[in-house]
Amino acid sequence: MSSSQAATPASVPAWVQDAVFYQIFPDRFANADPALNPPDVRAWDSPPARDGFLGGDLAGIVAHLDHIVDLGANALYLTPIFAAGTNHRYDAHDYFTIDPLLGDLGSFRELIREAHARGVRVVLDAVLNHCGVGHWAFQDVVANGAQSPYVNWFYVEDLPVVQRPVPNYGTCSGCWYLPKWNLHNPEVREHHLKVARYWLEQGIDGWRLDVPYFVPTAFWREFRRVVKEVNPEAYIVAEEWRSPTQWLAGDTADGTMNYTLRDLVLGFTADRKQDARTFAAGMNDLRDQVPHHARPSMLNLLGSHDTERLVTRHGDDAVATRLALTLLTTAPGVPMVYYGDEIGMAGDNDPGCRAGMEWQKDRWDTETLQWLTSLLALRAKLPALRKGTDEYPYAVGDVVVRRRTLDDDVVLVAVNRGPVDVDVPRSAVGNVDLVEAWPAAGPSIPADAALRVPGRSAVVWTTGQRP
């Protein structure tokens, strides 16, 4: 067995290396059950705001699963869906209850059934650093003070509890409505582990760890042990905006949200703060930071509910956006698409990136949708794009060439952000016969012929059979 075929350690789910994730912010994806709407529900196309609800629900996700599958995604990451007080639901009131505005346990089980029937896995958000002030345990402390059996479940500095203007209890980043759990308390840890077990038993396929760097690492080791006991194939992915290394030793997460890759790609395609050589050097450095066993399970993204929209970051330049998507979908690891980025939705950072999903197809950027769909189809057909090594044999000015290799198969991905066509000398990338695999199948290219990369475009060549 070659090194490129080395078996993934048992602790890292085998399915992840073939996954494509689609992230959904449930209140803003689709409203399929208006009976669940709150009385003050806002119009679906109203400007995104931090407050208020648009009425997205679990039934809406089910109704549009085929859109997700048609795109080429086979896994969902849902931001929180448990009972809470806000539209983002990072302020849980009860971790064992589906938020009534989204549905109920029956709705959730229907989502799991329909997703799994389509080969789509579902990962939920584990928000275990903090809850909401409406959580039943915190409310008991507010009501009963020192007599509450939950008073030591939180970092209460004084009694009675004072919430505003300045809370007298520990919070997440100073936010008064997000009291911080005392994870040094064994009862709190057991509560959280019950949450992990319960939803795995309901059929979910993994957990995304919210702000895990605010939680004792010892807890995440225990969390992993419990999760893998229930389902050894469950995926655990940690939110991380900096170096991912602390989460990749094999004792906490399987991978991280790869915001470092995002910075590198957008630095090249959007901000243009770095040329191809700097981008390639950064990608090589990132590769070397990630242990070999964790490389297939890094969750690569260009946008999320915590960032500006992809096309907005590119100054509404749809072509540059597509080049960024090319670098995303062909990178080692697992690509993730934030809902609406596939159709060119625009918006600044929170709340601008959390608008209602645009379902009117005449408003879609269909060229970007087709570009991304075809790239994901190519990724599915070429094992080297999912499992191959990653190198940068050519990186000059505006042009970078990525080489993915698996055994005897080589895939070259060239991205040219500049306006002028460029010929990449064959000696730089290897003197072997190639065929163009994307964006269109082309004739064989002799081993001594230069490879032309049109301006503001991308090309994929392969030494294997045409996909």
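The values are calculated or read from the model by the stated rules, or taken from the named source; none is laboratory data. Note that the structure is a prediction, hence the values are computed from the model and not measured. A quick note on method: Cβ atoms are made from the backbone with ideal geometry, for glycine too, and the neighbour counts reach across all protein chains shown.
Observations, loosely collected:
- Residue check, G356 in contact with a Lys or Arg (Cβ under 9 Å, 6 or more places away or on another chain), on the phi > 0 side of the Ramachandran plot, part of a loop (DSSP other than H, G, I, E, B) and in the same structural domain as R295 (by TED's automatic domain parsing): no
- Residue within region 441-452 that is in contact (Cβ under 8 Å) with a residue 24 or more places away in the chain and either in a strand (DSSP E or B) or of a type in the set (S, T, N, Q) (or both) present: yes
- Set side by side, the residues L128, L124, L111, L102 differ, and just one is of a type outside the set (S, T, Y), closer than 24 Å to P39 by Cβ and in contact (Cβ under 8 Å) with a residue 40 or more places away in the chain, which is L102.
- Flag for N37 being in contact with a Phe, Trp or Tyr (Cβ under 8 Å, 6 or more places away or on another chain) and either within 22 Å of T366 (Cα to Cα) or not acidic (D, E) (or both): yes
- If you filter region 187-222 down to residues that are of a type in the set (G, A, S) and part of a helix (DSSP H, G or I), you find that the one that is surrounded by the fewest Cβ atoms within 10 Å (Cβ to Cβ) is A218.
- The test for being farther than 15 Å from T462 by Cα and at pLDDT 95 or above does not hold for D390.
- Among the candidates P335, P351, the residue that is over 21 Å from G315 (Cβ atoms), in contact (Cβ under 8 Å) with a residue 60 or more places away in the chain and not aliphatic (A, V, I, L, M) is uniquely P335.
- Failed condition for N416, given (1) in contact with a Gly (Cβ under 8 Å, 6 or more places away or on another chain); (2) among the polar types (S, T, N, Q); (3) over 20 Å from T329 (Cα atoms): (3)
For every residue, the table says whether it meets (1) of a type in the set (A, V, I, L, M, F, W, C); (2) touching a residue at least 40 places away in the same chain (Cβ under 8 Å).
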residue: P160; (1), (2): no, no
residue: P167; (1), (2): no, no
residue: H184; (1), (2): no, no
residue: V188; (1), (2): yes, no
residue: L193; (1), (2): yes, no
residue: W199; (1), (2): yes, yes
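- Counted as qualifying within region 11-122 are the strands (runs of 3 or more DSSP E) with 1 or more residues that are surrounded by fewer than 18 Cβ atoms within 10 Å (Cβ to Cβ), namely 92-98.
- Comparison of V211, V195 shows that the only residue that is in the same structural domain as A115 (by TED's automatic domain parsing), of a type outside the set (F, W, Y) and on the phi < 0 side of the Ramachandran plot is V195.
- Leading residue by the ranking (surrounded by the fewest Cβ atoms within 10 Å (Cβ to Cβ)) among those in region 407-422 that are over 17 Å from A440 (Cα atoms) and in contact (Cβ under 8 Å) with a residue 60 or more places away in the chain: D407
- Counted residues, region 359-386 - those being assigned to a loop (DSSP other than H, G, I, E, B) and in contact (Cβ under 8 Å) with a residue 24 or more places away in the chain: 3
- Options A458, A441, A449, A437; residue that is within 22 Å of A19 (Cα to Cα) and either modelled with pLDDT under 95 or in contact with a Lys or Arg (Cβ under 8 Å, 6 or more places away or on another chain) (or both): A437
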